[in-house]
1. Give the total of Lys-Lys pairs in the chain with Cα-Cα distances below 27 Å; include a pair only if its members are 8 or more places apart or on different chains.
2. I'd like to compare 107-114, 19-26: which one has the highest average count of other Cβ atoms within 10 Å, and what's the full order after that?
3. Under the Karplus relation 6.51 cos²θ - 1.76 cosθ + 1.60, θ = phi - 60°, what is the ordered set of whole-Hz ³J(HN,Hα) values for region 63-76, x standing for Gly and Pro?
4. Taking the Cα centre as origin and putting +1 on Lys and Arg beta-carbons and -1 on Asp and Glu beta-carbons, what dipole magnitude results for the chain, to the nearest 20 debye?
5. Provide Tyr79, Tyr54 in ascending order of the number of other Cβ atoms located within 10 Å of each residue's Cβ, fewest first.
6. Apply the Karplus parameterisation 6.51 cos²θ - 1.76 cosθ + 1.60, with θ equal to phi minus 60°, to every residue of region 127-136 and state each ³J(HN,Hα) to the nearest whole Hz, in sequence, with x for glycine and proline.
7. On C-alpha positions alone, give me the angle between the axis of helix 101-117 and the longest principal axis of the chain, in degrees, nearest 10.
8. Each residue of region 22-37 in turn: what ³J(HN,Hα) in whole Hz from Karplus with 6.51, -1.76, 1.60 and θ = phi - 60°, glycine and Pro shown as x?
Amino acid sequence: MCMYKLRLQKINYAVILTVMLTISFLASHGNVIVNVFTYYVDAVSIIMFIFVGYVLSNTTLEKYLQLKDDSSLSLLFIYYYSAFIIFSDGYLGGWSHTETIADKLTYLVVIGFAMLISIFIPLIFMAISFIQVKIMTHIVKSHQDA
């Protein structure tokens, strides 16, 4: 069980990290690397999201093993939605790119609530989270049944 859990943890982290990097790439119109080397706050953000992704991977894996999908779904949704908002900084609504962490956090709150009005963007991230949770839960259940 221990080796299987370690393998599941690596797969789960790889999926979370890949989806987050894809979301950040799409949100910044492909300029993630340029932004990371231009704005220190984006470098801090990407490091933070990589670390939080690792913690989230461990947390959601424990929830999958307990067969509790609801909290994993909400955690993944918040993670992916936040990544989209943080890395879309400077690309939405003609706003300039933020220079400080305080400005970035303010941007996260303001744009996060503004995007909730248009239900499509949150629904996309809810669907991504739902698909990931269902696939991982199916993998865990199939192993527990065997």
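FYI, it's all coordinate maths here, none of it is from the lab. Note that the structure is a prediction, hence the values are computed from the model and not measured. In this analysis, Cβ positions are derived from the backbone assuming ideal geometry, glycine residues included, and neighbour counts consider all displayed protein chains.
1. Value for the chain: 12.
2. Values: 107-114: 14.1, 19-26: 18.4.
Descending mean neighbour count gives 19-26, 107-114.
3. Taking θ as phi minus 60°, the curve returns 5, 5, 5, 8, 6, 10, 7, 5, 6, 5, 4, 5, 5, 5 Hz for region 63-76.
4. Details: 8 positive and 8 negative charges, 106 e Å.
With Lys and Arg at +1 and Asp and Glu at -1, about 520 debye.
5. On the way: Tyr79 22, Tyr54 15.
Ascending Cβ contact count within 10 Å gives the list Tyr54, Tyr79.
6. Running phi through 6.51 cos²θ - 1.76 cosθ + 1.60 with θ = phi - 60° gives 5, 4, 5, 4, 4, 4, 5, 5, 5, 5 Hz.
7. 70
8. Once θ is set to phi - 60°, the couplings for region 22-37 become 5, 5, 5, 5, 5, 5, 9, 6, x, 9, 4, 5, 4, 5, 4, 7 Hz.
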